[in-house]
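Structure provided below as structure tokens; questions to follow.
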Amino acid sequence: LEIQKKVQVATEYHTNEVNGEKPWGLGFTVGLPFFSEKKQKVLSEKSLLYVDDATLKLTQEIWLLHSELRNNLFRWNANAAKRKLNIQKIKLARELIDLVEARFSYGFANRDQLNKRKYDLGLFLEQELMLETERLEIVSTMAGFIGMPAIDLEQLVMSHLTFDETPDISGVEVYRSAALLNRIDLQESLVDFGLADVELKLALIKQYPEISISPGYFWDQGDKIWNFALGLALPKQSDVLILQAENVRNLKHLEVKETQINILSQVEGYHAMAQSARARLVQSRSNLRQANEIFSGAEERFGVGNISRVDLYDGRLAYIAIAEQFIDQMSDYFTALA
């Protein structure tokens with residue numbers, strides 16, 4: 001409660017002499033405002049709203065931390081999967097260089113073909129460095145959020161996401177309702193409106209005189225005197241204060257409506273993006289399935305001698321490229337859905 005205690009110190013100097021001296025006096029009073037039951041209720045409501053506001057701010061920080069950790073975990077999973085695929089690409093590229101060099105030595109391949117294979121290997125090695133740099137950045141970021149050394153975080157065994165299933169998306173109404181119930185920014189705007197409403201109630205209460213009790217103690221010319229006073233504070237410019245408080249409350253009410261509209265607009269936008277990401281993922285999964293069938297056919301043709309090992313490895317590299325695209329689409333979809 002906003003109980004404002006006023007301590008006043010008073011001194012006085014007597015002009016009339018007493019026993020040849022001009023004595024002085026010193027004392028103090030303590031002002032204790034007397035609150036009505038209605039005002040105590042409003043002040044208690046205000047205190048609770050301040051607690052709610054602090055709690056919401058803490059909850060918002062926790063949610064943002066959770067969101068950052070979640071998105072970085074998606075990136076970490078995608079990075080791990082792509083690094084495994086890139087290891088295969090490097091191995092295939094080196095074997096292809098050996099095969100083309102053998103062909104070149106016998107005159108069945110030219111210098112440009114050999115240089116092209118070496119160039120491809122260089123790209124895969126560069127990608128390996130980029131993926132490792134990304135991994136270190138992700139681990140460092142997550143370690144900072146969690147509050148532990150990055151080297152310790154790397155030692156943890158984490159379950160990786162499965163890319164075998166595609167989580168479905170509910171209708172937009174489900175997410176609209178959930179957002180209006182759970183979005184912290186909307187709850188904060190409601191708390192701000194509540195505080196503005198409390199200030200209006202206090203302004204209305206201040207129309208009435210305020211009573212205060214002031215006990216005190218005084219030393220006067222050697223005497224010790226207790227005193228007691230009953231104060232009555234008259235309101236000043238109450239109409240202006242009420243009008244100001246009412247305008248602030250109306251403004252906060254409009255801000256609540258604006259926040260609701262913005263939230264619904266964001267939800268609809270995110271829902272549309274998630275649907276688009278899911279459509280791309282479904283198409284990417286279909287492409288991956290077709291690429292697998294094509295490579296299986298290449299393996300069969302290689303088994304009967306219809307294609308060379310170079311053609312077989314090229315087919316494998318093509319399949320891995322489609323698999324990398326699928327991993328990116330899956331990571332994008334999980335992020336959009338979350």
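Checking A109 against (1) surrounded by fewer than 15 Cβ atoms within 10 Å (Cβ to Cβ); (2) at pLDDT below 95: exactly one of these is not met. Which one?
So the condition that A109 fails would be (1).
Then there is this: Out of region 57-71, which residues are touching an Asp or Glu at 6+ places or on another chain (Cβ under 9 Å) and surrounded by 14 or more Cβ atoms within 10 Å (Cβ to Cβ)?
Of everything in region 57-71, just one residue is touching an Asp or Glu at 6+ places or on another chain (Cβ under 9 Å) and surrounded by 14 or more Cβ atoms within 10 Å (Cβ to Cβ), namely Q60.
Among I169, I184, which is the only one that is surrounded by fewer than 18 Cβ atoms within 10 Å (Cβ to Cβ), of a type in the set (V, I, T) and at pLDDT 90 or above? Break it down stepwise before answering.
Values: I169 fails: at pLDDT 90 or above.
Just one listed residue meets the conditions, I184.
It is to be established whether one or more residues within region 231-239 are assigned to a helix (DSSP H, G or I), at pLDDT below 95 and over 31 Å from the mean Cα position of the chain (by Cα).
Yes, some residue in region 231-239 is assigned to a helix (DSSP H, G or I), at pLDDT below 95 and over 31 Å from the mean Cα position of the chain (by Cα).
Can you tell me which residues in region 288-312 are surrounded by 15 or more Cβ atoms within 10 Å (Cβ to Cβ) and under 45 Å from the mean Cα position of the chain (by Cα)?
Listed by number, the residues that qualify are L288, A291, F295.
For every residue, the table says whether it meets (1) farther than 23 Å from T335 by Cα; (2) touching a residue at least 60 places away in the same chain (Cβ under 8 Å); (3) not aromatic (F, W, Y).
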{"site": "E255", "(1), (2), (3)": "yes, yes, yes"}
{"site": "T259", "(1), (2), (3)": "yes, yes, yes"}
{"site": "L281", "(1), (2), (3)": "no, yes, yes"}
{"site": "G305", "(1), (2), (3)": "yes, no, yes"}
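The values are calculated or read from the model by the stated rules, or taken from the named source; none is laboratory data. Please read all numbers here as calculations on a predicted model, not as lab measurements. Cβ atoms come from the backbone with ideal geometry, glycine included; neighbour counts cover every protein chain shown.
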